[in-house]
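The structure under discussion appears below in the form of structure tokens.
The values are calculated or read from the model by the stated rules, or taken from the named source; none is laboratory data. None of these values were measured; they are calculated from a predicted model. Counting neighbours? That spans all protein chains shown, and the Cβs are built from the backbone with ideal geometry, glycine included.
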Amino acid sequence: MIDAGMTDPERVRAQYATEEALAVRQSVWHPTADGREPSTEALFTIVDSTPERVLEVGCGAGAFSARLMTALPAAEVVALDQSPRLVELTAARGVDARVGDVQQLPFDDASFDAVAAMWMLYHVPDLHRGLAEIRRVLRPGGTFVAVTNGDEHLADLRREAGGDAVVTQFSSENGEEALRRHFDDVVRDDLVTRALFADHAAATAYLESSREDVDWHLPPFEGPRECAGHTTVFVAR
């Protein structure tokens, strides 16, 4: 069953009203055993498409948009997020950042060569409205890159702590089907990333950062711990 809390506007606003919870989650993730990292794979895909204008929806604190600006110095990069605080942080990196909603993008038709959605489509209340908007603002032949997690992403740790796997509306399992309703060509790249927790407190802080209605009780463990993540980079055109 899909976790409705992932798209609940109040819960999502609470998670991203400030940067702290997002920073906790981002801090533990490391590349695959062979050194591949989802954001970098997404970056390479967009750079290889040689875009003149790029949009990131759900930009968070702006780290990916800033990387795009560095990798594409001649391109215009625009970032969008619903959180005023995260837009403020993104703008502080020198990015053209704006408050907005992917379900109603404030841009003309066919106005971007590439669009990126990094770990955010599972939060959109009306997923297909959001995807239709992304399709609308992409120029013909444009590239859409969407990164998301699988249903078993950190599921073992979550179950051990008294929770369950997070099943979302846009995941490794169902993302391709959703994208094919809007795009003719969809390819995927599945990566087994690694979460490295320095200690029990770090793992507990990670679980609590999502502000779910779960009374987490992670059994004690000593020293650092590594857990497997399951992530997919989708490329749609």
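Structure above, values below:
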read-out	value
Residue within region 51-70 that is in a loop (DSSP other than H, G, I, E, B), in contact (Cβ under 8 Å) with a residue 60 or more places away in the chain, buried (at least 22 other Cβ atoms within 10 Å of the Cβ) and β-branched (Val, Ile, Thr) present	no
Test: residue in region 30-49 that is crowded, with 21+ Cβ neighbours inside 10 Å, within 29 Å of Phe197 (Cβ to Cβ), among the charged types (D, E, K, R) and at pLDDT 95 or above	no
Index of the failed condition, Ser210 passing every other in (1) under 17 Å from the mean Cα position of the chain (by Cα); (2) modelled with pLDDT of 95 or more	(2)
Residues of region 158-174 satisfying the condition of being in contact (Cβ under 8 Å) with a residue 24 or more places away in the chain and either hydroxyl-bearing (Ser, Thr, Tyr) or in a loop (DSSP other than H, G, I, E, B) (or both)	Ala161, Gly162, Gly163, Val166, Val167, Thr168, Gln169, Phe170, Ser171, Ser172
Any chance Asp113 is in a loop (DSSP other than H, G, I, E, B) and either modelled with pLDDT of 95 or more or within 30 Å of Cys227 (Cβ to Cβ) (or both)	no
Considering residues of region 192-207 that are crowded, with 18+ Cβ neighbours inside 10 Å and under 18 Å from the mean Cα position of the chain (by Cα) only, the residue nearest to Leu22 (Cα to Cα)	Tyr206
Residues (out of contact with any Pro (no Cβ under 9 Å at 6 or more places or on another chain) and over 12 Å from Val24 (Cα atoms)) located in region 183-206	Phe183, Asp184, Asp185, Val186, Val187, Arg188, Asp190, Val192
Considering residues of region 208-229 that are hydrophobic (A, V, I, L, M, F, W, C) and touching a Leu at 6+ places or on another chain (Cβ under 7 Å) only, the residue nearest to Thr18 (Cα to Cα)	Trp216
Conditions (1) under 18 Å from Ala146 (Cα atoms); (2) at pLDDT 95 or above; (3) not small (Gly, Ala, Ser); number of the one not met by Thr70	(1)
All positions within region 176-203 that are of a type in the set (Lys, Arg) and in a loop (DSSP other than H, G, I, E, B)	Arg181
Selected residue (criterion: surrounded by the most Cβ atoms within 10 Å (Cβ to Cβ)) from residues of region 1-29 that are β-branched (Val, Ile, Thr) and assigned to a helix (DSSP H, G or I)	Val12
Check on Glu176, surrounded by 12 or more Cβ atoms within 10 Å (Cβ to Cβ) and among the acidic types (Asp, Glu)	yes
Residue within region 101-118 that is without any contact (Cβ under 8 Å) to a residue 24 or more places away in the chain and either over 25 Å from Ala17 (Cβ atoms) or under 17 Å from the mean Cα position of the chain (by Cα) (or both) present	yes
Every residue from region 152-164 that is at negative phi and either surrounded by fewer than 16 Cβ atoms within 10 Å (Cβ to Cβ) or in contact with a Pro (Cβ under 7 Å, 6 or more places away or on another chain) (or both)	Asp156, Arg159, Glu160, Asp164
Residue in region 75-87 that is more than 15 Å from the chain's Cα centre (by Cα), part of a loop (DSSP other than H, G, I, E, B) and under 20 Å from Val147 (Cβ atoms) present	yes
